[in-house]
Amino acid sequence: MTDVLPAGSLAGKVALVTGSSRGIGADTVRYFAEAGADVVINFRNKAPRAEKLAGQLRDLGGRALVVGADLTDPASVAEMFEKVRAEFGKLDILVLNASGGMESGMAEDYALTLNRDAQLSVLNTALPLLGDGSRVVFVTSHQAHFIRTTPTMPEYEPVAQSKRAGEDALRELIPALAEKGIGFTVVSGDMIEGTITATLLERANPGAISARREDAGRLYNVSEFAAEVAQAAVDPVPADNTRLVGDISGFAAE
């Protein structure tokens with residue numbers, strides 16, 4: 001047990017984290033389960049890994065539902081939430097963690113489809129399950145959050161622009177969410193050691209991560225950043241709906 005959230009503090013709650021078969025998503029969903037929540041593990045194509053994680057989390061005493069879904073396919077998203085409704089009847093925490101766009105062989109507009117359109121589709125489809133007091137967390141990076149004022153590595157530029165477009169589109173929903181009693185927080189982190197994105201960036205631009213680490217003093221690892229994401233789902237919503245994790249001295253606010 002990691003004590004990121006107090007044991008039992010999420011008993012009776014249901015939490016879904018997109019892209020949670022590995023990395024930040026897997027650690028986030030683990031923290032929720034450790035705090036007593038029933039959890040939904042979502043994956044796109046790593047079923048064995050998702051099932052293995054679910055087995056570990058069930059050992060903690062809660063329920064863990066595994067649902068494969070392609071978030072860019074509205075029918076697949078609708079099916080995922082239908083399974084959540086059938087199993088749990090509600091959703092208390094939704095973490096929009098899945099993102100991408102640096103994979104090879106994808107359509108030109110894939111980054112925007114996944115990082116903007118799919119995020120809106122997931123939230124809108126989840127809305128009937130989210131009640132008063134529920135929470136939505138959107139996970140992004142400083143490189144995307146500050147992209148309008150601070151340039152990023154050319155290799156990451158399309159992803160950063162698409163994630164900022166997703167953040168902007170989601171922020172437009174804040175007043176409507178607030179009316180329903182749903183809290184919304186953006187969690188933005190610096191480059192995270194050990195993530196797929198960091199690995200792909202390092203491959204495209206050798207030395208990029210160590211250079212960023214030097215500038216920032218240190219970089220968070222996956223489990224440390226996931227702890228901030230999990231915390232954001234239970235802490236009071238910040239006035240500007242934004243939780244910045246790690247050094248931001250190199251980024252200019254708008």
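The values are calculated or read from the model by the stated rules, or taken from the named source; none is laboratory data. Source: prediction; values computed, not measured. For accessibility, only protein heavy atoms count, side chains too; no ligands or nucleic acids. Shrake-Rupley method; radii C 1.70, N 1.55, O 1.52, S 1.80 Å.
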- Taking the C-alpha atoms of segment 156-195, convex hull volume expressed per residue in Å³: 74
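For segment 1-157, with all protein chains present and a 1.4 Å probe, just round the carbon and sulfur fraction of the accessible area to a whole percent.
Details: 3270 of 6590 Å².
The value for segment 1-157 is 50 percent carbon and sulfur by accessible area.
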- Note on the structure: Cα extents of segment 1-104 along the principal axes, largest first, in whole Å, come to 40, 29, 21
- Accessible surface of residue 82 in the full protein assembly, 1.4 angstrom probe, to the nearest 10 Å²? 90
- Query: Under a straight-distance cross-link criterion of Cα-Cα below 12 Å, which aspartates and glutamates are reachable from residue 90, leaving out those fewer than 8 residues away in the same chain?
  - Reply: 38, 82, 132
- If the cut-off is 27 Å between C-alpha atoms, which lysines fall inside it for residue 83, apart from same-chain ones fewer than 8 positions away? 13, 46, 52, 180
- Task: For segment 27-76, restrict the atom set to alpha-carbon positions and state the Rg and Dmax in Å.
- Result: 11.3, 32
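In square angstrom, what is the accessible area per residue of the chain with a 1.4 angstrom probe? Spell out each step's value before the answer.
Numbers: 11030 Å² over 254 residues.
Spelled out: the 1.4 Å probe surface of the chain, per residue, equals 43 Å².
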- By the Cα gyration tensor axes a ≥ b ≥ c (a/c under 1.5 gives rounded; else a/b larger than b/c gives prolate, otherwise oblate), the shape of the chain is rounded
- Query: When the Kirkwood radius is taken over all Cα pairs of segment 134-254, what Stokes-Einstein diffusion coefficient follows at 20 °C and 1.002 mPa s, in µm²/s?
  - Reply: 143
- Query: Can you give the helix-only mean residue ellipticity at 222 nm for the chain, where every DSSP H stretch with n ≥ 4 adds -39500 (n - 2.57) and the sum goes over all residues, rounded to the nearest 500 deg cm²/dmol?
  - Reply: -12000 deg cm²/dmol
